Amino acid sequence: MGPLDLIRHPLIFTGITVPEFLRWYFWEQPSAIMRRFFDYLRAFIEIFSFIFLVRTLFSPWRQIKDKYPDRGINIAAISEAFTLNMVSRTIGFLFRIVTLFIGIAFIITLTVVFAAFYLAWLVFPLLFWVCISYLFTALI
């Protein structure tokens with residue numbers, strides 16, 4: 001085995017054959033990319049806990065609420081408790097809806113980035129050979 005063998009087949013010394021490389025490049029690595037994407041997606045869903053945010057969308061913020069008076073009709077106490085409860089629920093709603101939108105934006109960004117990376121991974125060999133042929137055409 002001499003230097004000419006290395007020029008003819010550069011991967012001969014590593015034991016990697018062309019079919020093994022193609023299987024790795026077009027099957028194993030894209031499936032690993034997709035697994036990683038779903039791992040990140042699952043982590044973002046856990047971090048933002050969308051189901052919990054939707055279930056508690058109209059709950060009071062930090063469970064800050066006032067009890068209504070048990071006895072009698074005290075308009076001032078009832079309106080005071082109602083106002084505090086509504087303000088607390090409004091603040092809770094605003095924080096939760098903003099968190100939902102931020103989480104959805106993160107997931108959309110994650111999906112776009114991984115889709116672009118996945119597409120770039122699959123298109124790179126074609127782009128490489130097009131650039132090489134263009135380079136050789138320009139030199140000739």
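Taking the longest Cα principal axis of the chain as reference, the axis of helix 75-139 is set at about 10 degrees. Would you mind computing, in nm to one decimal, how far apart the modelled labels at Tyr118 and Ile75 are, each placed 7 Å from Cα along Cα→Cβ? Placing both labels 7 Å beyond Cα along the Cβ direction yields 6.3 nm. Where does helix 29-48 land angle-wise versus the long Cα axis of the chain, in degrees 0 to 90, nearest 10? Tilt of helix 29-48: around 10 degrees. Compared with the rule-of-thumb size 2.2 N^0.38 Å for a compact globular protein, the stretch 84-140 has a Cα radius of gyration ratio of 2.34. Given the Cα-Cα distance of Arg55 and Leu100 and 0.36 nm per residue of separation, how much length would full extension add, in nm? Gain in length upon complete extension: 15.0 nm.
Dividing the summed helix terms, -39500 (n - 2.57) for each DSSP H run of n ≥ 4, by the number of residues in the chain produces a 222 nm estimate of -25500 deg cm²/dmol to the nearest 500.
Every number in this text was worked out from the coordinates using simple rules, so none of it is lab data. Remember, it's a predicted structure, so these values are computed and weren't measured experimentally. Methodologically, a virtual Cβ is constructed for each residue, glycine included, from the backbone with ideal geometry; neighbour enumeration extends over all protein chains shown.
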